[in-house]
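I have placed the structure first, in the form of structure tokens, so that the comments after it can refer back to it.
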Amino acid sequence: MRTVAIIPARYDSSRLKGKPLADLCGKPMIWWVYTQVCKSEKIDAVYVATDHEAIAQVCAQHKMAYVMTSPDNRTSTERIYEAAQTIPADLYLCINGDEPLIDPLLIEQILPSEIAGFFAANLMTKIHSPVEAVDDSNIKVVTDCDGYALFMSRSPIPHPKSSIHFDFYKHLGVLAYSMEALRFFAETPKGAIEKIEDINELRFIEHGKKLKMIPVEAHTLSVDTPKDLDYVRGIIQQKLEQGEIQL
């Protein structure tokens with residue numbers, strides 16, 4: 001099974017414009033993500049999918065494989081689908097370009113032993129902080145008894161009316177798709193709830209498609225604000241000083 005990782009990198013982020021190029025200890029953020037993903041021995045190829053020439057130039061400068069995609073793509077999933085048209089694979093991984101601390105071993109936990117037809121999966125992790133639970137940039141998820149997504153929301157779900165003995169989970173920016181799943185997403189219009197919540201994965205849930213949620217223990221951080229950027233920069237600087245990572 002050929003597995004390809006594609007890192008969507010849009011320049012005009014609504015929260016932090018140009019963040020794939022944000023400097024983290026002398027390297028752009030997209031370089032850190034790409035380098036981490038490349039450490040996995042179970043991924044056959046890694047590409048950046050971008051819509052902006054400045055990001056393409058940085059990829060070329062740092063010898064990162066990339067493909068140009070349309071600026072008209074409204075979601076990362078659509079960008080992955082467009083890139084997949086020219087990159088043959090059995091399984092496509094989407095790793096968000098704003099998670100420079102992503103662990104390659106974490107990514108590998110989403111890989112199935114085999115796939116046939118429609119396949120879509122997403123990593124999720126337990127929320128340990130009340131702040132994370134109420135932060136609308138963290139997408140909360142509830143699943144059925146078999147581990148498939150029932151619903152995703154930017155609000156804390158489930159609501160603790162009758163019991164407090166439960167854990168909140170949030171989705172992580174690591175997803176896996178077969179070509180059939182990507183095609184379904186691209187050819188299916190947004191449902192009413194996706195339009196309200198602005199969560200890509202609701203496209204599958206609203207239309208009755210199975211989305212496997214895989215629980216992992218993760219300590220990653222999506223960079224959405226200048227504050228996040230400063231925090232991640234501090235962690236990377238510490239790791240550099242301790243010799244845990246190298247430029």
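Every number here is computed from the coordinates shown, using simple stated rules; none is lab data. None of the values given here were measured: they were computed from a predicted structure. We place every Cβ from the backbone using ideal geometry, glycine too, and count neighbours over all the protein chains shown.
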Exposed GluC sites (Glu not before Pro) absent - longest run of the chain, DSSP non-H/G/I/E/B, at most 13 other C-beta within 10 Å: 115-216
Going residue by residue through segment 209-222, the Karplus relation 6.51 cos²θ - 1.76 cosθ + 1.60 with θ = phi - 60° gives ³J(HN,Hα) values, rounded to whole Hz and with x marking Gly or Pro, of 9, 7, 10, 6, 9, 10, x, 9, 9, 9, 10, 8, 9, 7
Taking the dipole about the Cα centre of segment 112-242, with the C-beta of Lys and Arg at +1 and of Asp and Glu at -1, give me whichever of Val141, Ile196, Pro112 is farthest to the positive side. Ile196
Which ³J(HN,Hα) values, rounded to whole Hz and listed in residue order, are derived for segment 97-109 from phi using the Karplus coefficients 6.51, -1.76 and 1.60 in 6.51 cos²θ - 1.76 cosθ + 1.60 with θ = phi - 60°, glycine and proline given as x? x, 10, 10, x, 9, 4, 8, x, 5, 5, 4, 5, 5
Taking a straight Cα-to-Cα line shorter than 23 Å from Lys209, and setting aside same-chain lysines fewer than 8 residues away, one finds Lys140, Lys170, Lys190, Lys195
Looking at the P(r) of the chain, how many percent of alpha-carbon pairs lie beyond 27 Å? 33
Quick check on the chain: helices-only [θ] at 222 nm, where DSSP H runs of length 4 and up contribute -39,500 (n - 2.57) each and the sum goes over total residues. Nearest 500, please. -8000 deg cm²/dmol
Collect residues whose amide H, placed 1.01 Å from N in the peptide plane, falls under 5 Å from the amide H of Leu211; neighbours closer than 5 in sequence don't count. Ala149
Taking every other residue with Cβ under 14 Å from the Cβ of Glu244 and scoring Lys and Arg +1, Asp and Glu -1, one gets 0
So what are the ³J(HN,Hα) numbers for segment 70-83, from phi and the Karplus equation (6.51, -1.76, 1.60; θ = phi - 60°), rounded to whole Hz, Gly and Pro as x? 5, x, 7, 5, 8, 9, 5, 5, 5, 5, 4, 4, 4, 4
Show the residues, 5+ positions off or on another chain, whose built amide H is closer than 5 Å to the amide H of Leu221. Leu101
Pop a pseudo-label 7 angstrom from the Cα along the beta-carbon direction at both Ala45 and Asp135 and give the gap in nm to one decimal. 3.5
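Roughly what percent of Cα-Cα pairs across segment 163-232 reach past 17 Å?
60
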As straight-line cross-link partners of Lys239, the qualifying lysines (C-alpha separation under 24 Å, not fewer than 8 residues apart within one chain) are Lys19, Lys27, Lys39, Lys63, Lys227
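What is the local net charge at Pro160, summed over the other residues whose Cβ is closer than 15 Å to its Cβ (Lys, Arg +1; Asp, Glu -1)?
So the environment of Pro160 carries a net charge of +1.
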